[in-house]
Amino acid sequence: MPRRVRERKPRRRHEVHRFRDEEEEELSSGEAQLTEEDSSQPTQAVVHSFDQMVELMRDQRASTREHAIRDMSRYLQRLFTPQSLQDCSQTVIENLLSSIKKGQAPEIKKALQCLCLVLATLEEIPSIFHPSIFDVLSVLAIDHRVAAARADILSVVAFVALLSGDPHQLSEVQQLLLGVFNSPVQPNDEALLAAVRGWGLLATQQSHNQLLVSGFPLLPTFSRLLQHQHGAIRSAAGENIALLYEMRWAANTMGSATESPGWHDMMQRVRDLASENNRYISKRNRLEQRVQFRAYCRTVETGFVPSVSFNIQREPVVLDSWRRIKQYDYLTMLLESGMAVHLQHNGWIRNALELEPTFESRITPLTKVEKRRFVSKSSSTSKQRYLERSKSRGSKSIAMTGGRYFVETGLHDGLDDV
């Protein structure tokens, strides 16, 4: 038997107005109550100035410190202002080191990123903190109980050593990273990846003679890491191998390398990864791995190095060596979105990547005729740009899925069968 639905009688006009008046009174009282509650809540999380960020970084509450550190990182990512840190750099670094030593994993991660941005903005390590930063980070890199925080600390330790430029500190950090490789206890994948990447970053600051002593004896270790189940670790180990052999080809000492024990086994592993067709790996990851290891293989066999090119505010940037590519990737990993600003104005980063000392924008206003040629779809300039984009669309899509833009033609040969 169907259920009867009770019909509701429509309200009369005066009843509707009465209910509306009651709702408006409730809403107005609720808004007033909400305003009073909001005014009574603490406003430490809302940062309005740079001085407030510095002051709130020493607050007793962890959430307030995290918000202040996050706001400081965003500020330094958007603007390159060394003058804002000149008077308070000591206080900022002390607060960040305190958060790194006493905070939890989320706060440590934010503090480490902010510390990298502060040191990169200053373009040096203040002399008063030169030993203390290294001592604090090196101890935590060994003894920290959280694996993710330990991996972040290892990454920042390598960056601090690179920024200091001290050969003694570089060797100490390399020994610290080698301890992760040769640890009797299997290290965490994140810590192992940070150690492999950090060792490769510091290797870019060494000469060929130094790498003959400290780098090439590690080739069996990197060859073993090529069989690791983590794809990022395999790629980092392959990039370190390519970096070592790039320097060896530049020094014309490649003849003795092919005669070293284990060279053929290592090359066979690199070739296998360059043509791997494992169906348990996603198509995107498989394509990226093929592109990367084909470049590594060509560097080891012939000394060829692919180049990476992009534009920063109409300034063409070309990275044509594994040393510069590795430094750029590492700094981008630490500075994240702030890398674009620092790449334009930071003298230390531009010097490390062998760019011009300063960058001045060459943007000039267009005339009406030039603007019409550029904007109009029927102009010859616009049609030519459309044809050029159409021709390069296929190669760009392959390069994007591979992970990098390699300028040299022929690098993607053989990808049609993927």
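The values are calculated or read from the model by the stated rules, or taken from the named source; none is laboratory data. Being a predicted model, the structure only gives us computed values, none of them experimental. In this analysis, Cβ positions are derived from the backbone assuming ideal geometry, glycine residues included, and neighbour counts consider all displayed protein chains. Just the protein is used for accessible areas: all its heavy atoms, side chains included, with ligands, DNA and RNA removed. Shrake-Rupley method; radii C 1.70, N 1.55, O 1.52, S 1.80 Å.
Annotations
- Failed item in (1) in a helix (DSSP H, G or I); (2) over 20 Å from the mean Cα position of the chain (by Cα), with Lys326 passing the rest: (2)
- Close pairs from region 377-390: first on the phi > 0 side of the Ramachandran plot, partner modelled with pLDDT of 75 or more, Cβ under 9 Å, at least 6 apart: none
- First in region 138-160 and in contact (Cβ under 8 Å) with a residue 24 or more places away in the chain, second anywhere and part of a loop (DSSP other than H, G, I, E, B), Cβ under 6 Å, 6 or more apart: Ala147/Asn188; Arg150/His144
- Test result for Val318, open to solvent by 10 Å² or more (accessible area, probe 1.4 Å), in contact with a strand residue (DSSP E or B) (Cβ under 6 Å, 6 or more places away or on another chain) and aliphatic (A, V, I, L, M): yes
- Unique match (being modelled with pLDDT of 80 or more and either open to solvent by less than 90 Å² (accessible area, probe 1.4 Å) or of a type outside the set (D, E, K, R) (or both)) among Tyr386, Tyr328: Tyr328
- Enumeration of residues in region 179-204 that are within 19 Å of His230 (Cα to Cα) and modelled with pLDDT under 90: Val180, Phe181, Asn182, Ser183, Val185, Gln186, Pro187, Asn188, Asp189
- Residue in region 406-418 that is in contact with a Leu (Cβ under 8 Å, 6 or more places away or on another chain), at pLDDT below 85, open to solvent by less than 60 Å² (accessible area, probe 1.4 Å) and over 30 Å from Asp71 (Cα atoms) present: yes
- Subset of region 67-81 [surrounded by 15 or more Cβ atoms within 10 Å (Cβ to Cβ) and not polar (S, T, N, Q)]: His67, Ala68, Ile69, Arg70, Asp71, Met72, Arg74, Tyr75, Leu76, Phe80
- Screening Phe159, Phe134, Phe80 for residues that are among the aromatic types (Phe, Trp, Tyr) and farther than 20 Å from Met339 by Cβ leaves exactly one candidate, Phe134.
- Selection from region 291-311 of residues that are open to solvent by 60 Å² or more (accessible area, probe 1.4 Å) and modelled with pLDDT under 90: Glu301, Thr302, Asn311
- Check on Glu288, open to solvent by 50 Å² or more (accessible area, probe 1.4 Å), under 17 Å from the mean Cα position of the chain (by Cα) and farther than 22 Å from Gln205 by Cα: no
Yes/no per residue for (1) touching a strand residue (DSSP E or B) at 6+ places or on another chain (Cβ under 7 Å); (2) open to solvent by 30 Å² or more (accessible area, probe 1.4 Å); (3) at pLDDT below 90:
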{"position": "Arg65", "(1), (2), (3)": "no, yes, no"}
{"position": "Leu97", "(1), (2), (3)": "no, no, no"}
{"position": "Ile128", "(1), (2), (3)": "no, yes, yes"}
{"position": "Pro167", "(1), (2), (3)": "no, yes, yes"}
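- Residues of region 260-285 that turn out to be within 15 Å of Gly238 (Cα to Cα), among the charged types (D, E, K, R) and at pLDDT below 90, as a count: 2
- Set Ser380, Ser337, Ser397: member being modelled with pLDDT of 75 or more, open to solvent by 50 Å² or more (accessible area, probe 1.4 Å) and closer than 30 Å to Ala295 by Cβ: Ser337
- Close pairs (8 angstrom Cβ cut-off, 6 or more residues apart or separate chains): among the aliphatic types (A, V, I, L, M) in region 50-64, in a helix (DSSP H, G or I) and surrounded by fewer than 16 Cβ atoms within 10 Å (Cβ to Cβ) anywhere: Val54/Thr91
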